[in-house]
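Working notes, beginning with the structure itself.
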Amino acid sequence: MNGKLHLAAGSTAEGPYRLSVTPELAGWTYSGLRVLTLAPGQRHLLSTGEDELLVLPLEGGCTVTYEPGTADAEVFRLAGRRGVFDRVTDFAYLPRDARAEVVSERGGRFALPSARCGRKLTARYGPAEHVPVELRGAGACSRQVNNFCTPQSFEADRLIACEVLTPGGNWSSYPPHKHDEEREGETELEEIYYFEVQPGPGGPGLAYQRVHGTADRPIDVLAEVRSEDVVLIPHGWHGPSIAAPGNDLYYLNVMAGPGAERAWLICDDPEQAWIRDSWRDQRTDPRLPLTSATQPTEPTHKRG
């Protein structure tokens, strides 16, 4: 099962996409993620089809033209960032049944989190300064969450997405939690974890991801993850995400599900839920926040 749910970097590469996870590849219905690589000056045309999606810079900036060559054309200039550990980024939202052109003057990598959806909303720009940055947990469970496309922060039809940054040596996505049932206090959401790990002085960094299930719906993943790896979570308790000492951990969460309401409601694993009470007497890790929207971008990536 590990091999089906832990996808190593490059294992799903397709054309200009260094990562391509569709609902069909994942074996579910809604959530998807691609990572687009552009050389300096390169242009890429994309069609959203049945999906709503975001253009989220991981490294570099770009210009996104919505419906190029039409009366409805809009241009979104994304300042982007040098990398995921440097800054909170701006982004663009593209609705279903649309075309767009992405071009990067200096080149870069751009995540395209997506969700199969029914409603066609308006294309929009998401400023970095409007992204709510939340510090969760305490002590060794402290982490930073950039809630750029969560139900309370940005409108979408089904897509929910956020970024989590975990200082080296800390645990996040903890206590383990699940969201695989439609019931009071919980929503059914398919989830993708996309990882980047800050390297140390000796080379690439590493982290670990755990997923486990119930007697009725077993699932068992304990994966050593490296930069650009993905873990698919169709159901079950997921967490912790463990950052090795000296290696800060980033992951992008992409979620979507069948519920009538776009909501992110979770249920803690009762065996580890007690850990939340222990945080009352602990301080937030002073290394946080690791990033903010006020840190500079590359001077070549300017918003017009």
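The values are calculated or read from the model by the stated rules, or taken from the named source; none is laboratory data. Computed from a prediction, not measured in an experiment: that's the story for all the values here. Methodologically, a virtual Cβ is constructed for each residue, glycine included, from the backbone with ideal geometry; neighbour enumeration extends over all protein chains shown. We work out accessible area using only protein heavy atoms, side chains counted, and drop any ligands, DNA or RNA first. Shrake-Rupley method; radii C 1.70, N 1.55, O 1.52, S 1.80 Å.
Here are some notes:
- Residue that is farthest from Y208 (Cα to Cα), among those in region 154-176 that are in contact with a strand residue (DSSP E or B) (Cβ under 7 Å, 6 or more places away or on another chain) and open to solvent by 20 Å² or more (accessible area, probe 1.4 Å): D157
- Index of the failed condition, L265 passing every other in (1) outside any strand (DSSP E or B); (2) out of contact with any His (no Cβ under 7 Å at 6 or more places or on another chain); (3) over 24 Å from V35 (Cβ atoms): (2)
- Test: residue in region 195-205 that is open to solvent by less than 10 Å² (accessible area, probe 1.4 Å) and among the aromatic types (F, W, Y): yes
- Test result for A39, at pLDDT 95 or above, under 18 Å from E196 (Cα atoms) and open to solvent by 10 Å² or more (accessible area, probe 1.4 Å): no
- Which listed residue is without any contact (Cβ under 8 Å) to a residue 40 or more places away in the chain and more than 23 Å from E196 (Cα to Cα), from A100, A73: A73
- In region 109-121, the residue that is least open to solvent (accessible area, probe 1.4 Å) out of those that are more than 17 Å from the chain's Cα centre (by Cα) and more than 16 Å from P151 (Cα to Cα) is G118.
- Boolean, R283 is out of contact with any strand residue (DSSP E or B) (no Cβ under 6 Å at 6 or more places or on another chain) and either within 30 Å of G61 (Cβ to Cβ) or acidic (D, E) (or both): no
Here's the yes/no breakdown for (1) farther than 23 Å from L232 by Cβ; (2) among the hydroxyl-bearing types (S, T, Y); (3) in contact with a helix residue (DSSP H, G or I) (Cβ under 7 Å, 6 or more places away or on another chain):
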{"site": "L19", "(1), (2), (3)": "no, no, no"}
{"site": "L36", "(1), (2), (3)": "no, no, no"}
{"site": "A39", "(1), (2), (3)": "yes, no, no"}
{"site": "L46", "(1), (2), (3)": "no, no, no"}
{"site": "L58", "(1), (2), (3)": "no, no, no"}
{"site": "P68", "(1), (2), (3)": "yes, no, no"}
{"site": "E74", "(1), (2), (3)": "yes, no, no"}
{"site": "R82", "(1), (2), (3)": "yes, no, no"}
{"site": "D90", "(1), (2), (3)": "yes, no, yes"}
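- Residue satisfying all of: in region 206-221; among the charged types (D, E, K, R) and in a loop (DSSP other than H, G, I, E, B); most open to solvent (accessible area, probe 1.4 Å) among these: D216
- Any hit, region 130-146, residues being of a type in the set (A, V, I, L, M, F, W, C), open to solvent by 10 Å² or more (accessible area, probe 1.4 Å) and either within 30 Å of K120 (Cα to Cα) or without any contact (Cβ under 8 Å) to a residue 60 or more places away in the chain (or both): yes
- Inter-residue pairs, beta-carbon under 7 Å, first within 24 Å of M255 (Cα to Cα) and in contact (Cβ under 8 Å) with a residue 12 or more places away in the chain and in region 32-56, second of a type in the set (S, T, N, Q) and part of a strand (DSSP E or B), 6+ apart: G32/S114; L33/S114; R34/S20; D51/S114; E52/S114; L53/S114
- Hey, E228 assigned to a helix (DSSP H, G or I), closer than 21 Å to V55 by Cα and touching a residue at least 60 places away in the same chain (Cβ under 8 Å) or not: no
- Residue that is farthest from V254 (Cα to Cα) [pool: residues in region 177-205 that are within 18 Å of the chain's Cα centre (by Cα) and assigned to a loop (DSSP other than H, G, I, E, B)]: Q198
- Complete set of residues in region 240-288 that are open to solvent by 70 Å² or more (accessible area, probe 1.4 Å), farther than 21 Å from A223 by Cα and not charged (D, E, K, R): A260, L265, P270, W274, Q282, P286
- Of the criteria (1) open to solvent by 10 Å² or more (accessible area, probe 1.4 Å); (2) under 30 Å from T122 (Cα atoms); (3) of a type in the set (D, E, K, R), which one E224 fails: (2)
- Residue count, region 62-98 (criterion: within 21 Å of G108 (Cα to Cα) and either crowded, with 17+ Cβ neighbours inside 10 Å or within 22 Å of the chain's Cα centre (by Cα) (or both)): 24
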